[in-house]
């Protein structure tokens, strides 16, 4: 159902601040995340080997995770460090997980820790770049993570699900094209000479550009393994080259979607927007975050009810139309990952 | 558990007004109901053949059902009509259901559509009759629909469950008789020379009759297949013939109960009252609706907890006393329907 | 999982006052408790033999339990007494349970009624003793009852779970000893020359003793079958003999814990405190009850989440450290009870 030997976003960095451990299930692994004394994150099973209490109900003392039931101190490697009045040398270990912090997120490798290579965590041109500003949030979604990938790789749905915000009829009417380059799937849609929707009018004005003329609009959805969807979005004043227009004729952003399987029928959804205009306007960051949160909330009922329908009719085949090509191709990449993982398991010594 | 080749009430007519589709499960069939351009109702599976989204999350555009995810237009026959940017000829169909509107309700035939015959929808003397007024409501009940039939075919429970409204000791003390005429089960109880309970005192006054003298009261419960229970109720001034008294000496009504299986352990309950007095008094209609809603709500906890007990002790046999005869005989009619339906299936070509 | 041929606390006495029956599941038996005309409690299955309604939705009329659906009157022996308009001689019986009232609680024997012997209900020196005052409450806990016994037989957890009230570092640092005498398990911890925690400072002041000097503190946890945990707690001014100090140099109490299995993964928890100081101060009783309720509420999330973890990892073995000896030994006593019960069953004629 999901690849485990890969990096997923487990948390936003700020979720580990304040010295509280965070319990979160990733790929069916119940994990507790916390910040060590040097600030780096650690992750172990959310199960105290003493009496089975969840370590996420405990606390962090000088960078060490302490069980909130009887004070067992757990090491970041899953080996017990200490416990009041006890010799802990023979205590059983629990699993520990490879974990790393990048781009304002805590990443976890839920599979074989020995294979985890932090250099495989992707980099993003907007991350840590002063010309860009980022804001985002988190939703728990009771649906297969692949339904969220489908959703994001086919923005046709914006016309219907988001009719009152970012949707417009031209999205639906403009064909999209999907290309696959190895594990990278790209679905693009270019609309020419349309009226900018409200969000982009706002952005144009903020950038000192007129908001009442026709624009060229683009949506370029990038899927990369295991589950990331980055969507280049923007508008340019008509007739200046669209996506390729010079910076003073366009406004653009990246919709950032990190999708992390929780179970077979639920996932963690880290959504956000990195924008390439007015990066220092904190109020704008907050306004976009609120608007995006509201818009992405509109997808939630649809995905959860879609999941309920698919669970009730497991034998039904879904259609794979041209608009679905992005999701279909992304699922093929995932299938290849899963097949590779399975074959590695069977040939392991 | 329930007959499927028969008509059930699926919704009150007003539930389809306002252009919103209505998702409702009937006999384990997930169905979406909507009103077409000419106002007639239509019903198809609540499953978009594109990606499995529930069509009930969509909308109705010029009488056509549109999926709220990607704009697929579904026809009333379960064949896709159109989808933006797509040729839909080869799209898979979904089931459609026979549906009809009668007496202020939308009726559905959840079984084989080819056998649906709208002339089999029962007529009622009070429906559409200017001398009568109707008001009612809807409850979702987490109990086998047959427990509701039992409940309504044995009004002895009023003495206990509705002790503070329509119940009175005489109901309990007066024997009832049950007769079966083909598929029609009738349980009758006649009480003579009793004090009218509060509801009927109100009705007597409204009809210009004295409310402080003894009355004859009747309750005649009619079960007809598959699950309808109509209860003739009323009081007459004592000594004028009771049920057969002339119209100026009595007040009467029909308690209307349409009971629609949802699953094996839940049902839709459409309750109401058609009254034969003060039919033009809209405030009275509203007052009765509120009172009836409150009273019928008292049955809900009992039925749902009874269902929980029966689910926990599935091997226990229940008693079938004389007071239960109405329910017992009604269940026999249902058993015959089920047997007939099973034999038709097995002998189908 | 739990012994059934033994006495458990089913309710606090006041729960049966007011003439309402009380439905409560004990050891997977669904039971309704009520008070008879002479005030003594009775207990039968919570299932009306007529139509399966829960008798706990009914009422008590002149000491007899009446079903709230159709008025069946149930006897305390599980035999139907009467029903309006019915001869009930041939009606099926339901189970009745041995029940008794002692020490302000209603006790039930969920197993074989013939073996129930009320003289086996334990007595407690604080119960009905004018020198002692009792106050307590009830919690429903979604965890195996043995996790609560573990919790109470190892007070090390107070340092962590109750860090802000009764916990103190010295509990954790002072070794405890566990002794077994037949079926009686005792885990004791004595702390010498420590600062009294807030609760005991309050008690010292109320007793006219200084609260600012060092004290000796004790916690002596007594497990007795099937599931009772009584904890002697107190402090004495340092140097006067600790636990054995004369009454004018100490304040003491008994934490009273009656733990009643509901299902394999849930239990009823009757907690309270019998105190041996200021017994006539009702406001103090109320203040202690509130404080204890708040403190014991802190254990709830821990136990329920611990249960969830153990259910998710059923194959994992827990550690049994010296601090766990009280729980481990108590579980051995329970195992012996279960084995004895099993052997009695198999050798029954």
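For every residue, the table says whether it meets (1) touching a strand residue (DSSP E or B) at 6+ places or on another chain (Cβ under 6 Å); (2) touching a residue at least 24 places away in the same chain (Cβ under 8 Å).
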{"residue": "A:182", "(1), (2)": "no, no"}
{"residue": "A:198", "(1), (2)": "no, yes"}
{"residue": "A:214", "(1), (2)": "yes, yes"}
{"residue": "A:230", "(1), (2)": "yes, yes"}
{"residue": "A:277", "(1), (2)": "yes, yes"}
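In the range B:178-188, which residues are farther than 25 Å from residue B:291 by Cβ, in contact with a helix residue (DSSP H, G or I) (Cβ under 9 Å, 6 or more places away or on another chain) and assigned to a strand (DSSP E or B)? Those that are farther than 25 Å from residue B:291 by Cβ, in contact with a helix residue (DSSP H, G or I) (Cβ under 9 Å, 6 or more places away or on another chain) and assigned to a strand (DSSP E or B): B:178, B:179, B:180, B:184, B:185, B:186. At least 1 residues being more than 30 Å from residue B:232 (Cβ to Cβ) is the threshold, and among the strands (runs of 3 or more DSSP E) wholly inside the range B:42-143 those reaching it are B:59-61, B:64-66, B:80-82, B:96-102. Within the range C:88-100, is even one residue farther than 29 Å from residue B:304 by Cβ, in contact with a strand residue (DSSP E or B) (Cβ under 9 Å, 6 or more places away or on another chain), more than 14 Å from every other protein chain (Cβ to nearest Cβ) and at pLDDT 95 or above? Scanning the range C:88-100, I find at least one residue that is farther than 29 Å from residue B:304 by Cβ, in contact with a strand residue (DSSP E or B) (Cβ under 9 Å, 6 or more places away or on another chain), more than 14 Å from every other protein chain (Cβ to nearest Cβ) and at pLDDT 95 or above, so the answer is yes. The number of residues in the range A:1-41 being part of a loop (DSSP other than H, G, I, E, B), modelled with pLDDT under 95 and under 12 Å from residue A:59 (Cα atoms) comes to 1. When residue A:235 is tested against (1) buried (at least 16 other Cβ atoms within 10 Å of the Cβ); (2) in a loop (DSSP other than H, G, I, E, B), only condition (2) is not met. Taking the stated definitions as given, is residue C:139 crowded, with 18+ Cβ neighbours inside 10 Å and either modelled with pLDDT of 95 or more or within 14 Å of another protein chain (Cβ to nearest Cβ) (or both)? No. Somewhere in the range C:77-87, is a residue within 30 Å of residue B:151 (Cα to Cα), within 13 Å of chain B (Cβ to nearest Cβ) and in contact (Cβ under 8 Å) with a residue 60 or more places away in the chain? So far as the range C:77-87 goes, no, none of its residues is within 30 Å of residue B:151 (Cα to Cα), within 13 Å of chain B (Cβ to nearest Cβ) and in contact (Cβ under 8 Å) with a residue 60 or more places away in the chain.
Screening residue A:272 with (1) touching a residue at least 24 places away in the same chain (Cβ under 8 Å); (2) surrounded by 15 or more Cβ atoms within 10 Å (Cβ to Cβ); (3) in a helix (DSSP H, G or I) gives one miss only, at (3). Checked against the criterion of being in a helix (DSSP H, G or I) and more than 21 Å from residue A:271 (Cβ to Cβ), the range A:206-213 has at least one qualifying residue. Only one entry of A:126, A:109 meets the criterion of being more than 30 Å from residue C:147 (Cα to Cα), out of contact with any helix residue (DSSP H, G or I) (no Cβ under 8 Å at 6 or more places or on another chain) and modelled with pLDDT of 95 or more, and that entry is A:126. Would you check if there is a residue in the range A:291-309 being over 24 Å from residue A:163 (Cα atoms) and either within 14 Å of chain B (Cβ to nearest Cβ) or modelled with pLDDT under 95 (or both)? Among the residues of the range A:291-309, not one is over 24 Å from residue A:163 (Cα atoms) and either within 14 Å of chain B (Cβ to nearest Cβ) or modelled with pLDDT under 95 (or both), which makes the answer no. Taken as a whole, the condition of being within 24 Å of the chain's Cα centre (by Cα), away from chain A (no Cβ under 14 Å) and loosely packed, with under 15 Cβ neighbours inside 10 Å does not apply to residue C:193. Only one of the listed residues (B:226, B:175) is assigned by TED's automatic domain parsing to the domain that holds residue B:145, in contact (Cβ under 8 Å) with a residue 60 or more places away in the chain, assigned to a loop (DSSP other than H, G, I, E, B) and over 27 Å from residue C:86 (Cα atoms). That residue is B:226. Applying the condition of being part of a helix (DSSP H, G or I), within 11 Å of chain C (Cβ to nearest Cβ) and buried (at least 21 other Cβ atoms within 10 Å of the Cβ) to the range B:151-171 and asking which residue is nearest to the chain's Cα centre (by Cα) yields B:151. Just one residue in the set C:148, C:191 is in a helix (DSSP H, G or I) and either in contact with a helix residue (DSSP H, G or I) (Cβ under 9 Å, 6 or more places away or on another chain) or assigned by TED's automatic domain parsing to the domain that holds residue C:34 (or both); that residue is C:148.
Let's see how each residue does on (1) at the interface with chain B (Cβ under 9 Å from one of its Cβ atoms); (2) under 17 Å from the mean Cα position of the chain (by Cα); (3) surrounded by fewer than 24 Cβ atoms within 10 Å (Cβ to Cβ):
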{"position": "C:6", "(1), (2), (3)": "no, yes, yes"}
{"position": "C:15", "(1), (2), (3)": "no, yes, yes"}
{"position": "C:36", "(1), (2), (3)": "no, no, yes"}
{"position": "C:39", "(1), (2), (3)": "no, no, yes"}
{"position": "C:48", "(1), (2), (3)": "yes, no, no"}
{"position": "C:56", "(1), (2), (3)": "yes, no, yes"}
{"position": "C:61", "(1), (2), (3)": "no, no, yes"}
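When the range B:102-120 is filtered for residues that are farther than 15 Å from residue B:44 by Cα, buried (at least 18 other Cβ atoms within 10 Å of the Cβ) and either within 14 Å of chain A (Cβ to nearest Cβ) or touching a residue at least 60 places away in the same chain (Cβ under 8 Å) (or both), only B:105 remains. Name the single residue, out of those in the range B:302-322 being part of a helix (DSSP H, G or I) and in contact with a helix residue (DSSP H, G or I) (Cβ under 7 Å, 6 or more places away or on another chain), that is surrounded by the fewest Cβ atoms within 10 Å (Cβ to Cβ). By that ranking, first place goes to B:307.
The values are calculated or read from the model by the stated rules, or taken from the named source; none is laboratory data. Here the structure is a predicted model, which is why all the values come from computation and not from measurement. No Cβ is skipped: glycine too gets one built from the backbone with ideal geometry, and neighbour counts run over all protein chains shown.
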